[in-house]
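Here's the structure we're looking at; comments come further down.
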Amino acid sequence: MDGNRVQPNILSAILNRRMLRSLALLLAAMASVCVPASAEISEADRALAQQVFQQLLAAAPPMQQIPWPPTLELVDKDEINAYASITRHEGKEQPVVVCYNGLLKRAVEGNADRLAYVLGHELSHHLLGHTKKPAGDTEFLRATFSREQELAADRRGMELALHAGYSFRGGLSAIRRVIDLGLNYSSFEGLAADHPSWFDRIAQLDKEQAGLWRSMSSFDNGVYFLLVQNYPLAERAFRQVTKDFPGSYEAWANLGYALLMQYADALDTEDLRRFDVGQIVAGGFYRRPKSLEGKVRGINEEVWWDAVGALREAIRLQPELSLPRGNLGIAYLLRPAGKDLGKAAQLLEEAAQLAAKDTSLDPVSRLAGQINLAVAYAAQGSTEKAMNALSQVETSLKQQDSHSLRGSAAVSNALVYNRAFLLAQSPDSQRQRLAMDELENYLRHTGRSLAWWPLAYQRYAALCKNSGAAPKTETALLAQSDVRFRPVAALEVSKVQVALGEGLTEAKGQLGAASASTPVVRGTNLVLLEYPNQGIKVMGTDEVLAIVLSGDHAPALPIREMGLGAKSAELKIGMTSAELDQMLGDSDYDFRQLVDPELNYRFYPDLGVAVLTKSGKVIELVIGQVPKRKAGI
């Protein structure tokens, strides 16, 4: 039997999970029929829901394919969710629309227009036949078609709400309220979900401000790519925002940051040794664009100047911003012509002063700024000022429960590195011993690919030699370190870049005419474009959903570990399974199916790559997001 085919035990587990999930949904729906309404749902909300639902039904054409009309069920749950389904009770089918109390209380807030959008959307799933039978035989296909269905239900639901006498702008306010509640995610993350992002959904409805919503979506994508250290795609996203809205100072600040991180990422250990500065902390960028909301390996000098230019533009547009000023300080620490310590320290000090008043900053960005200021002080020879700044960071980490702060590990590691190097400068043997212990701790908890790691090991070994102790080997120190890779979301082929989530028309324009275009599922707009000379295939609907590498002409797929300056590697067609395991280490994967429900891929969710093997060799690599997120509404 082919090792890539789903084995019976795996298939049974998958089917069991699906049946349990379906049973849970069915029981929940039946419970809402049989159990008396909860007192937690206010009478006002009940009356409003029934009134809006009846008006929508009066405006809806009757359905012949399923029993009509559907019933409305209000469920006392705090989740913000609603859905449409068909229940079966005593052998009879009954279409239902289910709405949770959390949605009524926190998103609808007594607004009939908002509720009309929500209930109209769910009714439209019945009207459009979405609840009869889900399309697609795999999670990848089902989620792909589910996203298309959600957009179609949005359009049909808004039409239904308008026919029932409700307001278009009022309906849109439901989406804006959900976004304000922080329930949105980026368009790219939406590829791993069964619902599109809310920015994408509102962009298709609000034609007057579609450009704004698309820019908000691009900004969200850029923030996601910054978080996962995919700096080239972050640059691409923020360049689009600055092109559409040149007054968005957050976009300029984040563009400058993305460029600066690309510049710093290309520095190797020898470059850092030449600059002779401590470990800086990446992470200073803006998560939300208030300016838009208000409207509704080697030194690359050219990239450095691009970064500096974008950061200066952000400061020109909004002089009170702390992050671009701090990132500009980092740029002068790593200036191609040599570090400018005076300029760097001045900018980082100004950034620290502004940070105290900048309410948009998250705690980790504040701590990163203090670490980078300590690095500048240390490079100037101001050891006491540097140690004071590091002590403040340590105190803050203890007070804020660093385990709950995303990105705090980078701050903690940089704290240990920089403090150890300062302690190592002391002639006091006790301080040197403390530095040795700190560096050993650092080396155990960071990866070898980090550009600062070899510098830390070199200093650690020298301290051990001076004290007469035997240094631990690199292998022993790395035994406990975890390897984490940056997600892959694009491929460069024939000097053009194709990215997940970009328009399929745009991708075809870059790659040229495909040798073949084949429907993946008959009767849908999901197609597979083949480019055998480049060794790739592109799968998509209106947007690129997967990039497939196979055959003798397939390019290598670059991957890179997390961490500034981390090393890169390549996945290749033809490499052995043993080579794959050695390269990816203990990276988690599970067996998932893409198009053929019988074909079993290793899917590495953190990497965003599916791998197909045969006879112990890699025969196909797929860049894509196998859906895992169930969003709701």
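The values are calculated or read from the model by the stated rules, or taken from the named source; none is laboratory data. From a predicted model like this one, the values you see are computed outputs, not experimental measurements. Don't worry about glycine lacking a Cβ; one is built from the backbone with ideal geometry, like all the others, and counts go over all protein chains shown.
Listed conditions (1) within 21 Å of the chain's Cα centre (by Cα); (2) at pLDDT below 85 are all met by Tyr604, apart from (2).
In region 231-278, of all residues being polar (S, T, N, Q) and more than 20 Å from Ser322 (Cα to Cα), the one that is modelled with the lowest pLDDT corresponds to Thr269.
The lone criterion from (1) assigned to a helix (DSSP H, G or I); (2) modelled with pLDDT under 90; (3) surrounded by fewer than 16 Cβ atoms within 10 Å (Cβ to Cβ) left unmet by Gly342 is number (2). Of the residues making up region 423-457, not one is aliphatic (A, V, I, L, M), under 24 Å from Pro363 (Cβ atoms) and surrounded by fewer than 21 Cβ atoms within 10 Å (Cβ to Cβ). Asp358 fulfils the conditions (1) assigned to a helix (DSSP H, G or I); (2) surrounded by fewer than 23 Cβ atoms within 10 Å (Cβ to Cβ) except for a single criterion, (1). For the residues Thr518, Thr446, the requirement of being outside the structural domain of Asp542 (by TED's automatic domain parsing) and among the β-branched types (Val, Ile, Thr) singles out Thr446. What are the residue pairs meeting all of these: first residue in region 558-570, first residue polar (S, T, N, Q), second residue surrounded by fewer than 15 Cβ atoms within 10 Å (Cβ to Cβ), Cβ atoms under 6 Å, and 6 or more apart or on different chains? Close Cβ pairs satisfying both conditions: Ser568/Pro558. Of all residues in region 417-444, those that are closer than 17 Å to Ala374 by Cα have Cβ atoms under 6 Å from Cβ atoms of residues that are hydroxyl-bearing (Ser, Thr, Tyr) and surrounded by fewer than 23 Cβ atoms within 10 Å (Cβ to Cβ), 6 or more apart or on another chain, in Leu422/Thr383. Among the candidates Gly165, Gly136, Gly110, the residue that is outside any helix (DSSP H, G or I), over 29 Å from the mean Cα position of the chain (by Cα), modelled with pLDDT under 90 and on the phi > 0 side of the Ramachandran plot is uniquely Gly165. Would region 487-502 turn up any residue that is closer than 17 Å to Leu621 by Cβ and charged (D, E, K, R)? Checked against the condition, which is being closer than 17 Å to Leu621 by Cβ and charged (D, E, K, R), region 487-502 yields at least one hit.
If I filter region 449-459 for residues that are assigned to a helix (DSSP H, G or I) and among the small types (Gly, Ala, Ser), do I get at least one hit? Yes, region 449-459 has at least one match.
The conditions are (1) in a helix (DSSP H, G or I); (2) in contact with a Ser or Thr (Cβ under 9 Å, 6 or more places away or on another chain), and Val483 fails exactly one of them. Which is it? Evaluating Val483 over (1) in a helix (DSSP H, G or I); (2) in contact with a Ser or Thr (Cβ under 9 Å, 6 or more places away or on another chain) leaves (1) as the failure.
Could you tell me whether any residue of region 282-305 is more than 24 Å from Pro363 (Cα to Cα), modelled with pLDDT of 85 or more and under 27 Å from the mean Cα position of the chain (by Cα)? Taking every residue of region 282-305 in turn, at least one turns out to be more than 24 Å from Pro363 (Cα to Cα), modelled with pLDDT of 85 or more and under 27 Å from the mean Cα position of the chain (by Cα).
For region 524-535, the candidate set comprises residues that are part of a loop (DSSP other than H, G, I, E, B) and within 28 Å of the chain's Cα centre (by Cα); within that set, the residue that is nearest to Leu594 (Cα to Cα) is Leu526. If the condition is being crowded, with 20+ Cβ neighbours inside 10 Å and in contact with a helix residue (DSSP H, G or I) (Cβ under 6 Å, 6 or more places away or on another chain), then region 132-155 contributes Ala153, Asp154.
If you scan region 87-99, which residues turn out to be of a type outside the set (D, E, K, R) and either touching a His at 6+ places or on another chain (Cβ under 6 Å) or over 18 Å from Ser124 (Cα atoms) (or both)? Those that are of a type outside the set (D, E, K, R) and either touching a His at 6+ places or on another chain (Cβ under 6 Å) or over 18 Å from Ser124 (Cα atoms) (or both): His89, Gly91, Pro95.
Is it true that some residue in region 83-102 is at pLDDT below 90 and assigned to a loop (DSSP other than H, G, I, E, B)? Checking region 83-102: at least one residue is at pLDDT below 90 and assigned to a loop (DSSP other than H, G, I, E, B). Restricting region 486-515 to residues that are hydrophobic (A, V, I, L, M, F, W, C) and assigned to a helix (DSSP H, G or I), the residue that is surrounded by the most Cβ atoms within 10 Å (Cβ to Cβ) is Ala507. Within region 470-523, the set of residues being among the small types (Gly, Ala, Ser), closer than 28 Å to Ala566 by Cβ and more than 25 Å from the chain's Cα centre (by Cα) comprises Ala476, Ala479, Ser494. Take region 316-339 and flag every residue that is buried (at least 19 other Cβ atoms within 10 Å of the Cβ) and assigned to a helix (DSSP H, G or I). Answer for region 316-339, where residues must be buried (at least 19 other Cβ atoms within 10 Å of the Cβ) and assigned to a helix (DSSP H, G or I): Leu323, Pro324, Arg325, Gly326, Asn327, Leu328, Gly329, Ile330, Ala331, Tyr332, Leu333. For region 193-202, a residue qualifies if it is modelled with pLDDT under 75 and not in a strand (DSSP E or B), and exactly one does: Asp194. Residues in region 254-283 that are in a helix (DSSP H, G or I), buried (at least 20 other Cβ atoms within 10 Å of the Cβ) and out of contact with any Gly (no Cβ under 9 Å at 6 or more places or on another chain): Leu260, Met261, Tyr263.
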